[in-house]
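Asks: Could you have a look at this structure, given as structure tokens, before my questions?
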Amino acid sequence: MQQNQRVLIPLVGIIALVAAGFVLKTAQAVILPLVIAWFLSYILAPLVNFLDRHHVPPGPSVAVVLLILMGFFYLAGLFVYSRVMAFADEYPKYAGQLNQIASGFTHHVTLPSWLSFKAIDWQQKISGWMVSLPLSFGIFFKNLLLVLIFLVFMLLGKPYFQTKIEHAFPDAQGKTVNQVTASIARQISRYLFIKLLLSVLTGVLVWLILQLMGVDFSITWGVLAFLLNFIPTVGSIVATIPPVLLAFVQFYPDRLWIAVAVLSILMLVHQTIGNFIEPKLMGENLNLSPVVILLSLVFWGWLWGIPGALLSVPIAAAVKIVCENIEMLKPISVLMGSGKHYNKNS
């Protein structure tokens, strides 16, 4: 009987994981905005709590936070629109440069017609992207509306959460549950806040470096670096490729050394922030195992695409923090960690 249970429990666990993955994939349109709203609630909760301590009712305090957030998204939308229009204006210049590069390359190397760089109709491709842009914006704003709706209800309920826990459990148990949930909330908020600050720092440094070196669309690549900084290792590589390629096209053929310099400096910035500054600010206990990061990136990227990839590491960090604060789940937290902290102690 016990042997059958040992076989049955892992099988039930696997079935539960497959079922959970199926639900997450099928209900992506609802669950993804819910997860984004949940993370935003941790970032914005300190402001709501601050207003609550100054006797501002939950309704007006959430309205203030919502207005600030909507203003931010409005400015973000204007930024994206202006960047797309700027690229459309500069397209003829880059098309000429690309044709020049293609001519020089095909002069030395003979390629099949289907593989020829010059055979690619770049104008048609760019036009196709521009046509699909309004549809992408429509999907984005639909998801944004869902995020804001979920966020409002989460923030409205936060001031009363501890009181509900105290009344839901006996005195001693209620205090214990409140302490654990408060610890989890503090650590997740701290993690997200530090990650946000480091991403802003990365984006500003990338923008300044590219601006000083004269690379076009430097602010665009700074914003891209800010977003992709939420994905360790892979994000920095992906964020570095577009500005390097643009520098290659922009300064071809006389000043190609600028593209090499851009590659070297940007990689130095990403490595310094990712491998030195971030571990010091996050603390050794919050370091995730590279295997956990890779698996989380693959799983959530497959499940939800680019948004899932951006959220993969924050989700893994949140799971580790939750497991760290619940006695029964501490072994999982230890296994998810990098292990460097224990090696130093030993």
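The values are calculated or read from the model by the stated rules, or taken from the named source; none is laboratory data. Only a predicted model underlies this, so the values are computations on that prediction, with no experimental measurement involved. Every residue, glycine among them, receives a Cβ derived from its backbone with ideal geometry; neighbour counts consider all protein chains shown.
Asks: Taking the range 164-188 on its own, how many of its residues are under 20 Å from LEU47 (Cβ atoms) and out of contact with any helix residue (DSSP H, G or I) (no Cβ under 9 Å at 6 or more places or on another chain)?
Replies: Final tally of qualifying residues: 1.
Asks: Still on this structure: Evaluate the range 23-35: report whether one residue or more is of a type outside the set (D, E, K, R), without any contact (Cβ under 8 Å) to a residue 24 or more places away in the chain, in contact with a Leu (Cβ under 8 Å, 6 or more places away or on another chain) and surrounded by 14 or more Cβ atoms within 10 Å (Cβ to Cβ).
Replies: Yes, the conditions are met somewhere in the range 23-35.
Asks: Scanning for something among the aliphatic types (A, V, I, L, M), part of a helix (DSSP H, G or I), under 23 Å from the mean Cα position of the chain (by Cα) and modelled with pLDDT under 80, does the range 75-84 turn up at least one residue?
Replies: Initial filter on the range 75-84 (among the aliphatic types (A, V, I, L, M)): 75-76, 78, 80, 84.
From the residues that got through so far, the ones that are part of a helix (DSSP H, G or I) too are 75-76, 78, 80, 84.
Subset that is under 23 Å from the mean Cα position of the chain (by Cα): 75-76, 78, 80, 84.
This time we only want the ones that are modelled with pLDDT under 80, so: 80, 84.
Scanning the range 75-84 turns up at least one residue that is among the aliphatic types (A, V, I, L, M), part of a helix (DSSP H, G or I), under 23 Å from the mean Cα position of the chain (by Cα) and modelled with pLDDT under 80.
Asks: Now for a separate question. Scan the range 166-184 and tell me whether some residue there is within 21 Å of the chain's Cα centre (by Cα), surrounded by 15 or more Cβ atoms within 10 Å (Cβ to Cβ) and hydrophobic (A, V, I, L, M, F, W, C).
Replies: yes
Asks: For the range 36-73, which residues satisfy the criterion of being aromatic (Phe, Trp, Tyr) and free of Cβ contacts under 8 Å to residues at least 12 places away in the same chain?
Replies: First, pick out the residues of the range 36-73 that are aromatic (Phe, Trp, Tyr): 38-39, 42, 50, 72-73.
Correct list: PHE50, PHE72.
Asks: Scan the range 43-84 for residues that are small (Gly, Ala, Ser) and surrounded by 15 or more Cβ atoms within 10 Å (Cβ to Cβ) and jot them down.
Replies: Once the filter is applied, which keeps residues that are small (Gly, Ala, Ser) and surrounded by 15 or more Cβ atoms within 10 Å (Cβ to Cβ), the range 43-84 yields ALA45, SER61.
To keep it simple, each residue is scored yes or no on (1) acidic (Asp, Glu); (2) crowded, with 18+ Cβ neighbours inside 10 Å; (3) over 30 Å from THR26 (Cα atoms); (4) in contact with a helix residue (DSSP H, G or I) (Cβ under 9 Å, 6 or more places away or on another chain).
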site: PRO242; (1), (2), (3), (4): no, no, yes, yes
site: LEU246; (1), (2), (3), (4): no, yes, yes, yes
site: MET267; (1), (2), (3), (4): no, no, yes, yes
site: ASN275; (1), (2), (3), (4): no, no, yes, no
